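*Asks:* I'd like to ask some things about the structure below.
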Amino acid sequence: MLHDLRYALRLIRKTPIASVIAIVTVAIGVGANTAIFSIIHAVLLKPLPYADADRLVQISESWPTLPGPRPTSRLNYYDWVAQSDVFERIAAVSWGSATIGTAEQPFWVDGSLVSPSYFDVFGLHAEIGRTFAPGEDQPGRDHVVVLGHRLWTSRFGGDRAVIGSTIRLNGEPFTVIGVMPEGARLHFYETPLWRPLVLPSYSRASRDLQFVEAKLRPGVTIAQARAQMNTIADRLARQYPDANKGYGVIVEPFPRPVGLDVEASLYLLFAAVGMVLLIACVNLANLAIVRGAARAREIAIRAALGASRAQIVRQFLTEHLVIAVGGGIAGVAIGYAILRLMIPSIPTTGLRTAYPEGTVIAIDRVVWIFAMTLSVVSGIAFGLAPAIGAARRPLVETIRDGTPGVTGGPGQKGLRHTLVAAEVALAFVLLTGAGLLIQSFFTLTERIDSGFDRAGVLTGTLPMPPSRFDTGAALNRYLDEIAAGVEALPGVRDVAFADAVPPMGTPYFKLIQIVGQPIVPFASRLNSGFKVVSPSYFRAVGLRLIDGRVLSEDDREGAPFAVVINQTMAATYFKGTNPIGQQILFRRAPMQPAPSVPDDVWTIVGVIADEGISPYERTTQAVAYATREQHPRRNLHLVIRTMVAATTLEDPIRKSVAAVNRDQAVTDLKTIEQREAEDVAPDRLRSILLTAFAAIASVLTALGIYGVIAVGVVQRTREIGIRAALGARPSNLLWLVLGQAAVTIVFGLVIGLAAAMAASRVIATFLFGVVPSDPWTLGGVAGLLAVVAAAACYLPARQAVSMDPLAALKSE
C-alpha cells in the first residue's frame, strides 16, 4: 500500500494540471455537501437537550376546516388529563407575553403561561430557586414567575438576590421564585419568563391553549397514545357536539426547533448538492477512463511482469483515493467559505426565522468525518469502473498495439457517452428546480405586495395585559389618546390600529353562518379569517375598495354591526351573488372570560382587494374586517403612514406613547418593507442557493461534454485526416465529430425532462403561482442546456475542421 501511495503521488506530480482539475472538481462537490450538511447536523440531527426526549410528544387539536395542528380547548385539556393513562406527565401551554415595568422604560417579553407540571415534563430544574408548585395555578396564588437565564443576566444583572424580589408584570406585582439554567430552550424562541396558567372554566368552544406537552409512560408508543386520544376525542365530540363535532386530536413527537419549511428546504438543498457531487464524479470517471486508456501499455507491462488484476485495481483505486482525499480536504475549506457566505443570509428574525438564536453551525468533528467519508466514497465511485476496465484489457494485444496516445475500445467510448448523458440529465433536473423557484419567488413577492400600498408605512406592537381594561369603551378611549398623540407628530399622515399588519395574514378565525343559508352546528360553520382594525386602517395601508364602502367612524358601539370582506371571501362564500347588504352571524370575543357568547348579526357593507397572503399557508384567505369600536381587542398594532423617513419617527413615537402611559411598551417597530423582506427571506435564499448549485452543475456538465468530444477528436485524428485528404467537406467533418455527441445530448435531455417532471412534484410545496410541470420552464432549460452543450462542442469541432490532413495522417 505504501508503494502504491508513493506511485500515486509521483503520478500526480507528473500530471499536475489534470490532477489539480480532478482535486478541484472533488472539492466543489464535497464543499457544497459539507456546507449544507453542517446546517442539517446543527439544526436537525443533534439530540434534543431534554431528559427522555424520545418520549416527549406535543398534543394539539385538528379543526374541521383547517389542516394541521391548531390551538386547544382548555376544557378538552381537563378531560384529556382525567381520561388518559398513556402519559407520565402532561402540561398545558398558552401565550403569556408580558410588559415588565422598570424605572427607565417598560419592555415587552414573549413569555409563556404553563401549568405547574410543565418543567417536570422536560425533567428541568431551576438553577437557583424553584419552579412552580402544585396549586400555584389557582387564582390568588398565581402571582409568581420563573425567569429565563438570558433575561436574568441581561435585565437583572445576574443578581442571585432577585429570588424573592418583586417585579411588575403588566402593572401587577409578581414574586420571582426561580431562574432556569443557561440554554434551557424548550421551544423555538428562548422563553424569557414563565407564569402559572390559571385554568378557569371557559367555554369549551374557546380554544386558547397554544399546545399541550406530555411525556409518554415507559413502553408506550406514539401510535398507542394516538389511538387513546382519538377515542377520547370521539367521546367528547358525542358529549359536546356544538363545540367538538369535527374536531380531532393530533399527537406528534416533540418538534425540533426549526422554522417553517426549514427542514424540507435543507433536504431539498442536500439533494441538489448531492446531484452536483454526482456530476463531479461523472466527470472524474470520464477523466479516469481517459487516463487509464492512455496508460494501457504501462498496465500491460506490469501485468506481464507478474502484477495481478487485484494489484492493478488497488493501484488505480489508490491513485483515485489520493485525489479524492485531497479534494475532500480542499472541500472542507470550500464548505467553510460557503457557510460564511450563507449564514448571514439565513433569516434569524421575524415570522420566518430559520432556527433558534444561539444555534451553533460549525464544521466540527462529525462534519469532518462526513466530508472525508464522502470523499472516499466518491473516489471509489469514480475510480472503480476505470480500474477494473484497465485490469481487464487483453495483455498481448495491448503490448503489441498500444501507443502512448489516448486509446479506448467501443465499450469505454459507450461508457463515456453514457456518463455525459447522465450529467445532462442531472443538470436538467437542477436547472428546472432553480427556474421554478425563481418564478415562484417573483410571483410570491408580487402577490404579497398586491392590494395595498406599502410605501412609507411604519408598524409596531402595543402589548397589553388581559386585565388592563374591563370594557371595550375604556380600551378604545385609551387607543384614541395614543392615536391623537402619534398623529400630532410632524411627518405623520395617518394613524390606525389593527391586530395584524401586512404581510402577517390574519391572526384569528371566526366560525360564521350566512343568514339565509341552511343552519349548521356551530363547529361545522364556515371558517373565515378575521381582523379588527380602525376605520382609518384602509386609508393608512392604501387598501383598494372593490365595491360598497369601507368601514367608517360611524361604525361604533351601539350602531348596527358592519363588516367589510375581501375578494376571496366574496368569491368563495357568495358565489354568483352580490354580498353587499347580506348578513352573517358570528360571535364577538368578550373582553373578560364568559361561559357563553351569543351570535351577533353583521351586515356586509363593502368588498376590498385581498391584502396579500398568509405567510404560513401561502394561500389567500377569506377575511372579514370589523372596527375596533364594535369588536374591541387588546394587543393591537400601530399602523402609521409617514411623509418622512420612517426610522426618524421611532423615538418620537415611543415618547408620545409614554406620555399617555409610561408602562406601555412599543415593540417591533418595522416598516412593511422590512416585514416583507423577512417574510420572503427563506424563499429568496432557497432560490439563490439552488440557482448557484444549478450553475455549478451546468459548468461541470459543459466541461464533461467538452472532455468527451475532445478525446473523441484525438482518437479519430487519423480517420479525420484520411477523410479530409479524400475531399470531405468541413460540414461532413463537423457532423463526424458532433453526430454522436448530439445523440448523447438529446438522450440526456429526454431523460432529464422525464426526471425533472418527476422531481418537480417534490418541490411543489415550495412553489407559489407556478405549475410544477411549467412548459416554459422545461423548454427554457432544454434550450439553455442545448446552448451550453453547443458551446462545449465548439472548440473540439473547430479543431477537427481546421486540422491539416498531412499532419493528421502522420499522427499515428
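The values are calculated or read from the model by the stated rules, or taken from the named source; none is laboratory data. Predicted, not measured: the structure shown is a model, and the values here were computed from it. Every residue, glycine as well, gets a Cβ built from its backbone with ideal geometry; the counts of neighbours run over all protein chains shown. Accessible surface areas use protein heavy atoms only, side chains included; no ligands, DNA or RNA. Shrake-Rupley method; radii C 1.70, N 1.55, O 1.52, S 1.80 Å.
*Asks:* If you go through segment 497-525, how many residues are of a type outside the set (Val, Ile, Thr), on the phi < 0 side of the Ramachandran plot and in a loop (DSSP other than H, G, I, E, B)?
*Replies:* Filtering segment 497-525 for residues of a type outside the set (Val, Ile, Thr) gives 497-500, 502-505, 507-511, 513, 516-518, 521-525.
Now restrict to residues that are on the phi < 0 side of the Ramachandran plot: 497-500, 502-504, 507-511, 513, 517-518, 521-525.
Next, only the ones that are in a loop (DSSP other than H, G, I, E, B) stay: 499-500, 502-504, 507, 517-518, 521, 525.
Number satisfying all stated conditions: 10.
*Asks:* Have a look at ALA697, ALA658, ALA692 and point out the one that is surrounded by 21 or more Cβ atoms within 10 Å (Cβ to Cβ) and either farther than 28 Å from SER614 by Cβ or among the basic types (Lys, Arg) (or both).
*Replies:* Values: ALA658 fails: surrounded by 21 or more Cβ atoms within 10 Å (Cβ to Cβ); ALA692 fails: surrounded by 21 or more Cβ atoms within 10 Å (Cβ to Cβ).
Matching residue, one of ALA697, ALA658, ALA692: ALA697.
*Asks:* Continuing with the same structure: Suppose we filter LEU458, LEU444 for residues that are touching a Ser or Thr at 6+ places or on another chain (Cβ under 7 Å) and closer than 20 Å to ARG675 by Cβ; which single one remains? Lay out the reasoning, then the answer.
*Replies:* On the way: LEU444 fails: touching a Ser or Thr at 6+ places or on another chain (Cβ under 7 Å).
Among LEU458, LEU444, only LEU458 is touching a Ser or Thr at 6+ places or on another chain (Cβ under 7 Å) and closer than 20 Å to ARG675 by Cβ.
*Asks:* Please go through segment 504-542 and pick out each residue that is closer than 17 Å to ALA609 by Cα, within 31 Å of the chain's Cα centre (by Cα) and either of a type in the set (Val, Ile, Thr) or open to solvent by 10 Å² or more (accessible area, probe 1.4 Å) (or both).
*Replies:* Scanning segment 504-542 gives MET504, GLY505, THR506, VAL532, VAL533, VAL541, GLY542.
*Asks:* Does ARG477 satisfy the criteria of being open to solvent by 50 Å² or more (accessible area, probe 1.4 Å) and outside any helix (DSSP H, G or I)? Walk me through how you get there before you give the answer.
*Replies:* Working: open to solvent by 50 Å² or more (accessible area, probe 1.4 Å): yes; outside any helix (DSSP H, G or I): no.
So ARG477 does not fit the description; no.
*Asks:* Within 26 Å of TYR336 (Cβ to Cβ), of a type outside the set (A, V, I, L, M), modelled with pLDDT of 80 or more and open to solvent by less than 10 Å² (accessible area, probe 1.4 Å): is that true of SER378 in this structure?
*Replies:* Yes.
*Asks:* Go through (1) in contact with a Pro (Cβ under 9 Å, 6 or more places away or on another chain); (2) buried (at least 22 other Cβ atoms within 10 Å of the Cβ) for TRP80 and report which single condition fails.
*Replies:* All conditions are met except number (1).
*Asks:* List pairs: first residue in segment 28-53 and surrounded by fewer than 21 Cβ atoms within 10 Å (Cβ to Cβ), second residue β-branched (Val, Ile, Thr) and in a helix (DSSP H, G or I) anywhere in the structure, Cβ distance under 6 angstrom, at least six positions apart or on different chains.
*Replies:* HIS41/VAL366
*Asks:* Pick from segment 148-172 the residues that are of a type in the set (Ser, Thr, Tyr) and touching a strand residue (DSSP E or B) at 6+ places or on another chain (Cβ under 8 Å): which of them is nearest to GLN105 (Cα to Cα)? Walk me through it before giving the result.
*Replies:* Applying the first criterion (of a type in the set (Ser, Thr, Tyr)) to segment 148-172 yields 153-154, 165-166.
After this cut, where a residue has to be touching a strand residue (DSSP E or B) at 6+ places or on another chain (Cβ under 8 Å) as well, the list is 165-166.
Details: SER165: 19, THR166: 17 Å.
Here the answer is THR166.
*Asks:* Additional query: Any idea which of (1) more than 27 Å from TYR189 (Cβ to Cβ); (2) surrounded by 18 or more Cβ atoms within 10 Å (Cβ to Cβ); (3) touching a His at 6+ places or on another chain (Cβ under 8 Å) is the one VAL367 doesn't satisfy?
*Replies:* Unmet condition: (1).
*Asks:* List every residue pair whose Cβ atoms lie under 7 Å apart, where the two residues are 6 or more positions apart in sequence or sit on different chains, the first residue falls within segment 78-99 and is touching a residue at least 24 places away in the same chain (Cβ under 8 Å), and the second residue, located anywhere, is basic (Lys, Arg) and crowded, with 16+ Cβ neighbours inside 10 Å.
*Replies:* Filtered contacts from segment 78-99: PHE87/LYS215; GLU88/LYS215; ARG89/LYS215; GLY96/ARG195.
*Asks:* Those residues that are open to solvent by 10 Å² or more (accessible area, probe 1.4 Å) and within 16 Å of ASP110 (Cβ to Cβ), I need them from segment 173-190; list them, please.
*Replies:* The answer is ALA184, ARG185, HIS187, PHE188, TYR189, GLU190.
*Asks:* Name the pairs whose Cβ atoms lie under 6 Å apart, with the first residue in segment 163-179 and farther than 12 Å from LEU193 by Cα, the second of a type in the set (Gly, Ala, Ser) and buried (at least 16 other Cβ atoms within 10 Å of the Cβ), and 6 or more positions between them or separate chains?
*Replies:* ILE163/GLY129; ARG168/GLY101; ASN170/ALA98
*Asks:* Suppose we filter segment 85-105 for residues that are within 21 Å of ARG168 (Cα to Cα) and open to solvent by 20 Å² or more (accessible area, probe 1.4 Å); how many remain?
*Replies:* Within segment 85-105, the first condition is being within 21 Å of ARG168 (Cα to Cα), and the residues that meet it are 94-105.
Pick out the ones that are also open to solvent by 20 Å² or more (accessible area, probe 1.4 Å) and you get 95, 97, 101-105.
Residues meeting the conditions: 7.
*Asks:* Further, regarding this structure: For GLU629, indicate whether it is among the charged types (D, E, K, R), closer than 30 Å to GLY485 by Cβ and either touching a Lys or Arg at 6+ places or on another chain (Cβ under 6 Å) or at pLDDT 95 or above (or both).
*Replies:* Values: among the charged types (D, E, K, R): yes; closer than 30 Å to GLY485 by Cβ: yes; either touching a Lys or Arg at 6+ places or on another chain (Cβ under 6 Å) or at pLDDT 95 or above (or both): yes.
Considered against the rule, which asks whether it is among the charged types (D, E, K, R), closer than 30 Å to GLY485 by Cβ and either touching a Lys or Arg at 6+ places or on another chain (Cβ under 6 Å) or at pLDDT 95 or above (or both), GLU629 comes out as yes.
*Asks:* When the residues of segment 552-570 are filtered to those that are within 37 Å of the chain's Cα centre (by Cα) and not hydroxyl-bearing (Ser, Thr, Tyr), which remaining residue is most open to solvent (accessible area, probe 1.4 Å)?
*Replies:* Our first condition is that a residue be within 37 Å of the chain's Cα centre (by Cα); within segment 552-570, this holds for 563-570.
Restricting the remaining residues to those that are not hydroxyl-bearing (Ser, Thr, Tyr) gives 563-567, 569-570.
Details: VAL563: 0, VAL564: 0, ILE565: 0, ASN566: 4, GLN567: 76, MET569: 0, ALA570: 18 Å².
Across segment 552-570, the extreme among qualifying residues is GLN567.
*Asks:* Considering only residues that are part of a strand (DSSP E or B) and within 26 Å of LEU124 (Cα to Cα), which ones fall in segment 208-262?
*Replies:* Within segment 208-262, the first condition is being part of a strand (DSSP E or B), and the residues that meet it are 208-209, 211-216, 248-253.
If the condition is that a residue be part of a strand (DSSP E or B) and within 26 Å of LEU124 (Cα to Cα), then ASP208, LEU209, PHE211, VAL212, GLU213, ALA214, LYS215, LEU216, ILE250, VAL251, GLU252, PRO253 are the ones that fit.
*Asks:* Follow-up. Could you look through segment 600-619, keep only residues that are out of contact with any Phe, Trp or Tyr (no Cβ under 9 Å at 6 or more places or on another chain) and closer than 11 Å to ILE448 by Cβ, and pick out the one that is surrounded by the fewest Cβ atoms within 10 Å (Cβ to Cβ)?
*Replies:* Top of the filtered list is SER614.
*Asks:* For segment 192-244, how many residues are among the β-branched types (Val, Ile, Thr) and open to solvent by less than 30 Å² (accessible area, probe 1.4 Å)?
*Replies:* First, the residues of segment 192-244 that are among the β-branched types (Val, Ile, Thr): 198, 212, 220-222, 231-232.
Now narrow it down to the ones that are open to solvent by less than 30 Å² (accessible area, probe 1.4 Å): 212, 232.
Total satisfying the criteria: 2.
*Asks:* Taking the condition of being more than 33 Å from the chain's Cα centre (by Cα), more than 14 Å from LEU236 (Cβ to Cβ) and outside any strand (DSSP E or B), how many residues in segment 57-89 meet it?
*Replies:* So the count comes out to 2.
*Asks:* For PRO490, state whether it is under 28 Å from TRP63 (Cβ atoms) and either under 37 Å from the mean Cα position of the chain (by Cα) or in contact (Cβ under 8 Å) with a residue 40 or more places away in the chain (or both). Steps first, please.
*Replies:* Working: under 28 Å from TRP63 (Cβ atoms): no; either under 37 Å from the mean Cα position of the chain (by Cα) or in contact (Cβ under 8 Å) with a residue 40 or more places away in the chain (or both): yes.
No.
*Asks:* Ok, one more. Of the numbered conditions (1) farther than 30 Å from VAL680 by Cβ; (2) outside any strand (DSSP E or B); (3) at pLDDT 85 or above, VAL313 fails exactly one; give the number of that condition.
*Replies:* Here VAL313 meets the rest and fails (3).
*Asks:* If we scan segment 647-655, do we find a residue that is at pLDDT 85 or above and open to solvent by less than 30 Å² (accessible area, probe 1.4 Å)?
*Replies:* Within segment 647-655, the first condition is being at pLDDT 85 or above, and the residues that meet it are 648-655.
Now narrow it down to the ones that are open to solvent by less than 30 Å² (accessible area, probe 1.4 Å): 649, 653.
Yes, because at least one residue in segment 647-655 is at pLDDT 85 or above and open to solvent by less than 30 Å² (accessible area, probe 1.4 Å).
*Asks:* Please state which one of THR373, THR418 is in a helix (DSSP H, G or I), open to solvent by 60 Å² or more (accessible area, probe 1.4 Å) and modelled with pLDDT of 85 or more. Let's see the steps before the verdict.
*Replies:* Working: THR418 fails: modelled with pLDDT of 85 or more.
Just a single option satisfies the conditions, and that option is THR373.
*Asks:* Just to be sure, is LEU545 more than 25 Å from LEU479 (Cβ to Cβ), in contact (Cβ under 8 Å) with a residue 60 or more places away in the chain and of a type in the set (A, V, I, L, M, F, W, C)? If you could, list the steps in order and put the result at the bottom.
*Replies:* Details: more than 25 Å from LEU479 (Cβ to Cβ): no; in contact (Cβ under 8 Å) with a residue 60 or more places away in the chain: yes; of a type in the set (A, V, I, L, M, F, W, C): yes.
No: the conditions fail for LEU545.
*Asks:* Then there is this: Filter segment 741-800 for residues that are of a type in the set (D, E, K, R) and assigned to a loop (DSSP other than H, G, I, E, B); which is farthest from LEU436 (Cα to Cα)?
*Replies:* Kept after step one, since they are of a type in the set (D, E, K, R), are these residues of segment 741-800: 761, 774, 798.
Going one step further and asking which of them are assigned to a loop (DSSP other than H, G, I, E, B), we end up with 761, 774.
Numbers: ARG761: 11, ASP774: 8 Å.
Looking at the filtered set, the residue picked out is ARG761.
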